[in-house]
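Q: Supplied in structure tokens, the structure appears directly below.
The values are calculated or read from the model by the stated rules, or taken from the named source; none is laboratory data. No experiment lies behind these values; they were computed from the predicted model shown. Because the Cβ atoms are built from the backbone with ideal geometry, glycine has one as well, and the counts that use them run over all protein chains shown. Remember, those area values only see protein heavy atoms, side chains included, never the ligands or the DNA or RNA. Shrake-Rupley method; radii C 1.70, N 1.55, O 1.52, S 1.80 Å.
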Amino acid sequence: MKLSRLLEDIKPLETIGDTDRNIVSLQSDSRRVEKDGMFVAVRGVTTDGHKYIPMVASAHVGAIVCEEFPAQLLNGITYIRVSDSAEALGKLASAWYGHPSSKLKLVGVTGTNGKTTTATLLYEMARLEGYKAGLLSTVCNYVDGRAIPTTHTTPDPLTLNELLAEMVEAGCDYAFMEVSSHAAQQKRIAGLKFKGGVFSNLTRDHLDYHGSVENYRNAKKMFFDGLDADAFALVNADDKSGLYMTQNTKAKVYTYSLRSQADFHTRILETRLDGTLLSFNGHDVEVAFTGRFNAYNLTAVYGASILTGFPEDEVLVNMSKLVPVAGRFQTFRSQSGVTAIVDYAHTPDALINVLDTIREIVGAGGKIITVVGAGGNRDHGKRPMMAREAACRSDRLILTSDNPRDENPDDIINDMRQGLSAPEMGRTLCITDRRQAIRTAIQTAEPGNVILIAGKGHEPYQEVKGVRHHFDDREEVMAAFKESENV
């Protein structure tokens, strides 16, 4: 592609060298640069791409995009100075792949909890409507029906635009994606054209990266700040951050709610472990989902589907056909009558939502056993909070390992224990081995008990000291059920 054409989208502050030249590749990874390619020096979390400029220059790249020119400028290389190289990378990636987002109806979903469920169900809704669609999510990426493994909630700009281009090539009309706070902060979505944005809720998470709830909230808000006037912004009116998100947006704002007047309002009429009867704007629909938190997710799906252009009567019919996302309130039942629920809940608020839902269904006389841990190398402050919320909502608590990463799992469990009172510790077990913790919960459960296994949900691995070992909570539940039934 001609360099001059690539530069049309980024408005360089200064350019030194020839722009009438062909660029053969675009990279932000210095290890993957090619002769006559373009390298974008991005300041990352752990390293600064600017320090690799001398190395990529020696590889005879055609162009280098940076925020500061290096001390030595080599002949034959075009140097482009920009104010923000991360934003430039997003716009260059979009241009490199032919602006694929402008050829799709792209909807982004952000918030602390509910992103995966909402984005995935919107993707399923589009397919039920008879359209080809793409999905970018925490669980899996899809180009129409083709599954592509995922490594990040929101991919880097090059991978992101490459996937969107594949969706265009596959004939997709719609695309739905999770927009993480990291992605918004790091400008990974720069250059994308969105049909609309959805906000679910905001509670404490990722403070290890953002430093404060305010910074975390503002990172989410950046997504809505960037929406165009012809886009929609659908926000949860029951969340105190909902309308804050849209203070500076150009998009047309819509609201959804379970508690107050809104453009899209839902009432919970009846709830069970295997489903709920909901009323969407006065239309009763039986859905295969449980819990108030899922009622919020489904209301967002209902509203966003209509705002995206799907007929309301068809949307209502298809709501009843949607099924839960893998690892999100996924229910298993043993022959003896014990119910196990595997859920991705990994924040205090998410645990509250799931456990309150279970308690509402089983009643005061029902017994709840919770198995939960906390991730290593992440926000330490939420660990005792998670344990406290789980303990006060459970009859028995088992603290265990999640993804310890580079930390000692026993240290993480000890951090969680700090949130428990002496009486709560009296009904709490600490079992570091997650497999043994799940088996202990199932072996000690009685018919009618409900076991919540929280934190990992869909994840098929456990990360220890930088290595991912195969581990799937759902497989462990089924194996433990089988073992207990053969005793």
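Q: Please report the antiparallel percentage of DSSP beta bridges with both residues in the chain, rounded to the nearest 5.
A: 35 percent
Q: List the relative contact order of the chain as a percent without decimals, with contacts defined as Cα pairs under 8 Å and 6+ residues apart.
A: On the way: 1090 pairs, mean separation 48.3, N = 487.
Here the relative contact order equals 10 percent.
Q: How large is the dipole of region 65-117 about the Cα centre if only Lys and Arg carry +1 and Asp and Glu carry -1, each at its Cβ, rounded to the nearest 20 debye? Before the final figure, lay out the partial values.
A: On the way: 5 positive and 4 negative charges, 78 e Å.
In debye, rounded to 20, region 65-117 gives about 380.
Q: Which listed residue (I268, L243, A231) has the Cα farthest towards the positive end of the charge dipole for region 227-297, taking +1 on Lys and Arg C-beta and -1 on Asp and Glu C-beta about the Cα centre?
A: L243
Q: Another one. Using the charge dipole of the chain (Lys, Arg: +1 at Cβ; Asp, Glu: -1 at Cβ; taken about the Cα centre), state which of F289, G145, M416 has its Cα farthest towards the positive end.
A: Most positive-ward Cα: M416.
Q: Grab the DSSP H runs of the chain that are 4 residues or longer, score each as -39,500 (n - 2.57), total them, divide by all residues and round the 222 nm result to the nearest 500 deg cm²/dmol. Let's see the in-between values first.
A: Working: 16 runs with 160 residues, N = 487.
For the chain, the value works out to -9500 deg cm²/dmol.
Q: Calculate one ³J(HN,Hα) per residue across region 319-334 by plugging θ = phi - 60° into the Karplus curve 6.51 cos²θ - 1.76 cosθ + 1.60, and present them in order as whole Hz with x for glycine and proline.
A: Rounded to whole hertz, the list is 4, 6, 9, 6, 10, x, 6, 3, x, 10, 6, 7, 9, 10, 9, 7.
Q: Using the heavy atoms of the protein chains and a 1.4 angstrom probe, tell me the accessible area per residue for region 254-401 in square angstrom. Numbers along the way, then the final one.
A: Numbers: 5400 Å² over 148 residues.
It amounts to 37 Å² per residue over region 254-401.
Q: For region 7-97, calculate the relative contact order in percent as a whole number, restricting contacts to Cα pairs under 8 Å that are 6 or more residues apart. The partial results should precede the final answer.
A: Values: 171 pairs, mean separation 29.4, N = 91.
Once normalised by length, the contact order is 32 percent.
Q: While we're here: Order 297-304, 259-266, 42-49 from most to least packed using the mean count of other Cβ atoms within 10 Å. Mind dumping the intermediate values first?
A: Values: 297-304: 27.5, 259-266: 16.1, 42-49: 13.9.
Ranked by mean Cβ neighbours within 10 Å, highest first: 297-304, 259-266, 42-49.
Q: How much net charge surrounds M478 when only the other residues with a Cβ under 13 Å from the Cβ of M478 are counted, with Lys and Arg +1 and Asp and Glu -1? Present the calculation step by step, with values, prior to reporting the outcome.
A: On the way: positive: R333, R435, R439, R474, K482; negative: D472, D473, E475, E476, E483, E485.
So the surrounding residues net to -1.
Q: Go through K103, K220 and list them by solvent-accessible area, largest first, probe radius 1.4 Å. All intermediate terms of the calculation are to be shown ahead of the outcome.
A: Numbers: K103 125, K220 5 Å².
If we order K103, K220 from most to least accessible, we get K103, K220.
Q: Something else now. Write down the accessible area per residue of region 32-86 in Å², having rolled a 1.4 Å probe over the full set of protein chains. Let's see the in-between values first.
A: Details: 2740 Å² over 55 residues.
Accessible area per residue, region 32-86: 50 Å².
Q: Okay, moving on. Would you mind counting up the charge near G242? Only other residues with Cβ under 13 Å from its Cβ, with Lys and Arg at +1 and Asp and Glu at -1. Provide the component values of the computation, followed by the final result.
A: Numbers: positive: R217, K220, K221, K240, R259; negative: D238, D239, D263.
Once all neighbours under 13 Å are counted, the net charge is +2.
Q: With only Lys, Arg, Asp and Glu charged, each at its Cβ (+1 for the first two, -1 for the last two), find how big the charge dipole of region 66-181 is about the Cα centre; round to the nearest 20 debye. Present the calculation step by step, with values, prior to reporting the outcome.
A: Details: 8 positive and 13 negative charges, 39 e Å.
Dipole size: approximately 180 debye.
Q: Please list, ordered by chain and number, the residues whose modelled amide H lies under 5 Å from the amide H of F176; skip anything fewer than 5 residues away on the same chain.
A: V107, G134, L135, L136
Q: Here's a follow-up. Between region 428-444 and region 151-173, what is the separation of their alpha carbon centroids in Å?
A: When both Cα centres are located, 40 Å separates them.
Q: Something else now. How large a share of the accessible area of the chain, in percent, is made up of carbon and sulfur atoms when the probe is 1.4 Å and the other protein chains stay in place?
A: On the way: 9380 of 20130 Å².
Result for the chain: 47 percent of the exposed heavy-atom area is carbon or sulfur.
Q: Right, something else. State the answer as a single residue: which of Y52, W96, L7 lies farthest towards the positive end of the charge dipole of region 1-107, with beta carbon charges of +1 for Lys and Arg and -1 for Asp and Glu, about the Cα centre.
A: W96
Q: Compute the signed sum of charges (Lys and Arg +1, Asp and Glu -1) over the other residues within less than 10 Å, Cβ to Cβ, of G134. Don't skip to the answer; put the middle values down first.
A: On the way: positive: K132, R146; negative: D144, E166, D173.
Charge balance near G134 sits at -1.
Q: Here's something else I'd like to know. List the residues whose amide H sits under 5 Å from the amide H of T255, counting only those 5 or more places along or on another chain, with H placed 1.01 Å from N in the peptide plane.
A: Amide H to amide H, under 5 Å and 5 or more residues apart or across chains, T255 pairs with V235, D263, F264.
Q: Hey, another quick one. Report the relative contact order of region 266-420, percent, no decimals, based on alpha-carbon pairs under 8 angstrom and at least 6 residues apart. Don't skip to the end; give the middle numbers.
A: Working: 235 pairs, mean separation 25.1, N = 155.
About 16 percent, as a whole number.
Q: Find the centroid of the Cα atoms in region 314-375 and in region 210-230, then give the distance between the two in whole Å.
A: Distance between centres, Cα-based: 29 Å.
Q: Could you give the size of the charge dipole of region 257-352 about its Cα centre, using +1 on the Cβ of each K and R and -1 on the Cβ of each D and E, expressed in debye and rounded to the nearest 20? Could the numbers behind the result be given before it?
A: Values: 7 positive and 10 negative charges, 67 e Å.
The calculated dipole for region 257-352 is roughly 320 debye.
Q: Here's a follow-up. What lysines sit close enough to K250 to cross-link, taking a C-alpha to C-alpha distance under 16 Å and skipping anything fewer than 8 places away on the same chain?
A: Correct list for K250: K193, K195, K220, K221.
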